[in-house]
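Only the coordinates and a few stated rules stand behind these numbers; no lab work does. Predicted model only: the values in this text are computed from it and were never measured. Using ideal geometry, Cβ is built from the backbone for each residue, glycine included, and neighbour counts are taken over all protein chains shown.
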Amino acid sequence: MSDTTKTPTHYRLLSVLRAIGPYLRESQSEEGAYLFDCLSVCVDDKKSPEQREFWGWWLELKQEGDAYQARYRIGLYDISGEWQDKKIPKKAVEDVNRTQEAFHLKLVETLQSEFGIPIQMHQESVEFV
């Protein structure tokens, strides 16, 4: 097996990013710009599934030269399926942090080992609450 890394074409990236977990929003991604999110904590699990909202995070991953820049944001995934920048309640912070940290570690390790791509944090990124 060769020690050289594969060329990170859009389709190779999609395949690798899909394998990281159920976070990739493929239909909202395009070459050089990928969207991920995680519905970490249900706001009210007594509501019917179609009426539920979630606390969590989303990530806009964009190509910047030979690297990718990660812009994490946190908030509420509302009933209409949209993310809102909102402060997360203290009881949800631990779970949101745990899922975000685990994902970020997998993302960094995978892109580095598969393609030699470094991840840089965007200056407006929300790194763990």
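Could you list, bin by bin from short to long, the percent of Cα-Cα pairs of segment 53-114 in 10 Å steps?
Over segment 53-114, the share of Cα pairs per 10 Å bin runs 20, 45, 27, 8 percent.
Using the Cα centre of the chain as the reference point, and only Cβ charges (+1 on K/R, -1 on D/E), how large is the resulting charge dipole? Debye, rounded to the nearest 20.
On the way: 16 positive and 22 negative charges, 62 e Å.
Computed charge dipole of the chain: roughly 300 debye.
Angle check, please: helix 10-20 long axis (alpha carbons) against the longest principal axis of the chain (alpha carbons), in degrees 0 to 90, nearest 10.
50
What angle, in degrees between 0 and 90 and rounded to the nearest 10, separates the Cα long axis of helix 90-115 from the longest principal axis of the Cα atoms of the chain?
The angle comes out near 10 degrees.
Given H placed on each backbone N at 1.01 Å, which residues far from residue 121 in sequence or on other chains put an amide H within less than 5 Å of it?
70
Could you tell me the convex hull volume per residue, in Å³, taken over the Cα atoms of the chain?
110
Find the relative contact order for the chain and round it to a whole percent, using C-alpha pairs within less than 8 Å whose residues are 6+ positions apart. Each step should come with its number before you reach the end.
Values: 201 pairs, mean separation 30.1, N = 129.
Dividing the mean separation by the residue count of the chain yields 23 percent.
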